[in-house]
1. Among 431, 215, what is the fewest-to-most ranking by other Cβ atoms within 10 Å?
2. What order, most packed first, do the peptides 348-360, 222-234 have when packing is the mean number of other Cβ atoms within 10 Å of each residue?
3. What does the extension gain come out to for residue 123 and residue 322, with contour length at 0.36 nm per residue minus their alpha carbon separation?
4. Per the helix-only calculation at 222 nm, which mean residue ellipticity applies to the chain, given -39500 (n - 2.57) for every DSSP H run of n ≥ 4 and division by its residues, nearest 500 deg cm²/dmol?
5. List the relative contact order of the chain as a percent without decimals, with contacts defined as Cα pairs under 8 Å and 6+ residues apart.
6. Tell me the relative contact order for the stretch 358-459 as a rounded percent, counting alpha carbon contacts under 8 Å between residues six or more apart.
7. Between residue 202 and residue 309, what is the label-point separation in nm under the 7 Å Cα-to-beta-carbon projection?
8. What translational diffusion coefficient, to the nearest whole µm²/s, does the chain have by Stokes-Einstein, given a Kirkwood radius computed over alpha-carbon pairs, a temperature of 4 °C and 1.567 mPa s viscosity?
């Protein structure tokens, strides 16, 4: 099979750092530039270093890179400023291959490659117990699933686009190889993701410092099941996380904090030492409007109105600001107004939203659904909802849009509503038009037999 040039970059994929018995208790380093030969993975510490290097790339990928691309396809943001790659995504150009898309794609597959390298090499290492080996495998498979799912959301039409999910998804890389691959079906992609996460939830510890735990796997499974509108399974996994007692809702609206907080189930790790930040949330700084009169990312007027029309809603007051007046007004986002922050990839608020929507959709445990959504509303300064039936479901979905704004969730939900038969548009574009998915990087176009996404935008 023809070699895929994307993966020539992956040969540099190994983070070197000093050995330690407790290596996984140390923070990931910010650098990722040194190469190591394939035969360098010989010891337990080598495996752990390889795993840490995978977490390191995740911190780049989910430090706003993948979230911003998703938001640009949705209806929360306005046309971006000063960033041509972002403009191309916003205008749903499906005939171009830009560098920003390629960077996200590469980072995802670099992580997957490293995970697969660990899975391939683990049985060759002698100085490691079976229990340690199993945990390392579980962490690698969690990270592989996280990356596969993240880019599946961006590069493929959603589950339900075809009745049997036989439409094309992404390249599933389940083996340690640099050979070029072809796209699997969405059905095959979800099966592989669920299989990885099921293994992870069964074999990860309940506590693992800043690294993946069984709760991380359960939370991601809840998200994956909701994406497929599998409400019973989504509610089950979300409930297991909520009822674990490991996490509590914050009193404030700021879950993007300078360090860990009680809502975080799985987060990117950033460190600020000697007043120097590694800025792992760097891509989110494109929204920053407290010190910028022309931020690259901003909300559109319609969503600004949605967020601010209820004067009691603290989210409208704390997360948004108007810059300028009249026809020149810019609506800035204050949700990420800090130079340094950890990024919660999975958090308790999302689990509450998943369970509330799942129960409301099923028409079961309505009281629990109301309790979940009202806990979120109360924190936002709003009164409790008493609605039931279809109105409750509508209310929950609106709260989801508000609460998770700019966290990379909205576009997936637009597509999911379309699959359910709702009239679902994003800036007047139908949920299933070609421009609602990203085009694959140009390097994939060199792979014999690789099918690109259709061109044509959304007109």
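Throughout, read-outs are computed from the coordinates displayed, never taken from laboratory work. As the structure is a prediction and not an experimental result, all values here were calculated from the model. We place every Cβ from the backbone using ideal geometry, glycine too, and count neighbours over all the protein chains shown.
1. The most exposed by this proxy come first: 431, 215.
2. The peptides rank, most packed first, as 348-360, 222-234.
3. 65.9 nm
4. That calculation yields -13500 deg cm²/dmol at 222 nm.
5. Here the relative contact order equals 21 percent.
6. Answer for the stretch 358-459 is 15 percent.
7. Between residue 309 and residue 202, the label points sit 4.9 nm apart.
8. 57
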